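Please read the structure below before turning to the comments.
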């Protein structure tokens, strides 16, 4: 029986994870749940799953959560604030942590889970982008295991040998990440001038949160995944390629030196990756419909349009630059996407803000968490000035 902490329990990944967990009460139980501000949904999950600990990151909502649980006669202990997230991530009664908090907000709790030796099921790609080397060190310190639950990286994980002694030793030539192309695949820059948040969030294949949906629309999501793959699989940038695959059936591929290409296929449903990681090295039913290849008919692949969707190349540039460049990239992207969703920035200005922030933020080494946090804050301030200038 695995006891699971779900950080980001009220988001789309959290909902998928809890669906899989609920299907196997003999294998998994919920030990802790954490959410940012959705106190009503968190309380409802506590009623359903009865965890020992519930965390609301926004401390101003702590009393409301307590009141809701008291009214429902739920004995779950309540904690609030950023330190409570770290407590949930390292709780002794939980052996597995699902890190599904969106953005930089999930960094410290992810590192805490790694240091505590948990089986870390990682969806928070920003934690790897910002602090990949620190995460590796934390995993070494804690002695736990990391299993990626992004569909692309989980696919790569499944296609690599069980004994991972490095790409060369395994005969791996390259990793190929697939991208759906988002809602604007095939559009030109001229056709994207009037894009609204609702249009950008209308993903053709996946149900996702608003921020990651915009990242998919700009191809920044794939850029972040390139950086993530570099740290997760110790792969140099020149051995990580991206192809657009609009059906989202092939989730990623690994090409070997003998010419073989192994691919992981499945319907576009996060529960597949979550079930794999929760039960690994075993397999369990995930509630996902079997793949109907005859119904699909064909699988298409094409090169990404790096001119229209410049964010992908910006991510490769940040990875090549090293130091704090990935931190700056991530922070600028989060600020730009937030401004776009709030109506303060045009869709086509997102890559411009990111590139300008990268150019205007000094390059620095990253040796500790304080360096990560300082770099993140500095980049956000620069990006905010860029956004204000763009609006004016």
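The values are calculated or read from the model by the stated rules, or taken from the named source; none is laboratory data. Not measured: the values here are computed from a predicted model. Cβ atoms come from the backbone with ideal geometry, glycine included; neighbour counts cover every protein chain shown.
Right, residue 246: assigned to a loop (DSSP other than H, G, I, E, B), modelled with pLDDT under 95, surrounded by fewer than 18 Cβ atoms within 10 Å (Cβ to Cβ) and in the same structural domain as residue 180 (by TED's automatic domain parsing) or not?
Values: assigned to a loop (DSSP other than H, G, I, E, B): yes; modelled with pLDDT under 95: yes; surrounded by fewer than 18 Cβ atoms within 10 Å (Cβ to Cβ): no; in the same structural domain as residue 180 (by TED's automatic domain parsing): yes.
Judged against the criteria, residue 246 is not a match.
Filter segment 74-111 for residues that are part of a helix (DSSP H, G or I) and in contact with a strand residue (DSSP E or B) (Cβ under 9 Å, 6 or more places away or on another chain) and give the result. Show your work before the answer.
Let us first name the residues in segment 74-111 that are part of a helix (DSSP H, G or I), namely 82-89, 103-111.
Those that are part of a helix (DSSP H, G or I) and in contact with a strand residue (DSSP E or B) (Cβ under 9 Å, 6 or more places away or on another chain): 84, 85, 87, 88, 89, 106, 109, 110.
With the condition kept exactly as written, say whether any residue in segment 29-50 is modelled with pLDDT of 95 or more, in contact with a strand residue (DSSP E or B) (Cβ under 7 Å, 6 or more places away or on another chain), farther than 27 Å from residue 151 by Cβ and not assigned by TED's automatic domain parsing to the domain that holds residue 274.
yes
From (1) over 18 Å from residue 354 (Cβ atoms); (2) within 18 Å of the chain's Cα centre (by Cα), pick out the condition that doesn't hold for residue 241.
(2)
Within segment 30-51, how many residues turn out to be within 23 Å of residue 92 (Cβ to Cβ) and surrounded by fewer than 18 Cβ atoms within 10 Å (Cβ to Cβ)?
Residues that pass the stated criteria total 1.
Which residues, counting only those in segment 167-217, are in contact with a strand residue (DSSP E or B) (Cβ under 7 Å, 6 or more places away or on another chain) and either over 23 Å from residue 313 (Cβ atoms) or in the same structural domain as residue 351 (by TED's automatic domain parsing) (or both)?
171, 172
Given 120, 146, which one is under 30 Å from residue 255 (Cβ atoms), in contact (Cβ under 8 Å) with a residue 60 or more places away in the chain and touching a helix residue (DSSP H, G or I) at 6+ places or on another chain (Cβ under 8 Å)?
146
Out of segment 300-318, which residues are in a loop (DSSP other than H, G, I, E, B) and in contact with a strand residue (DSSP E or B) (Cβ under 6 Å, 6 or more places away or on another chain)?
Across segment 300-318, the qualifying residues are 301, 304.
So residue 254 clears everything in (1) surrounded by 18 or more Cβ atoms within 10 Å (Cβ to Cβ); (2) within 27 Å of residue 308 (Cβ to Cβ) except one condition, right? Which one?
(2) is the only condition that residue 254 fails.
Within segment 1-29, take every residue that is within 19 Å of the chain's Cα centre (by Cα) and not in a helix (DSSP H, G or I) and give me the one that is farthest from residue 92 (Cα to Cα).
Among residues in segment 1-29 that are within 19 Å of the chain's Cα centre (by Cα) and not in a helix (DSSP H, G or I), the one farthest from residue 92 (Cα to Cα) is 11.
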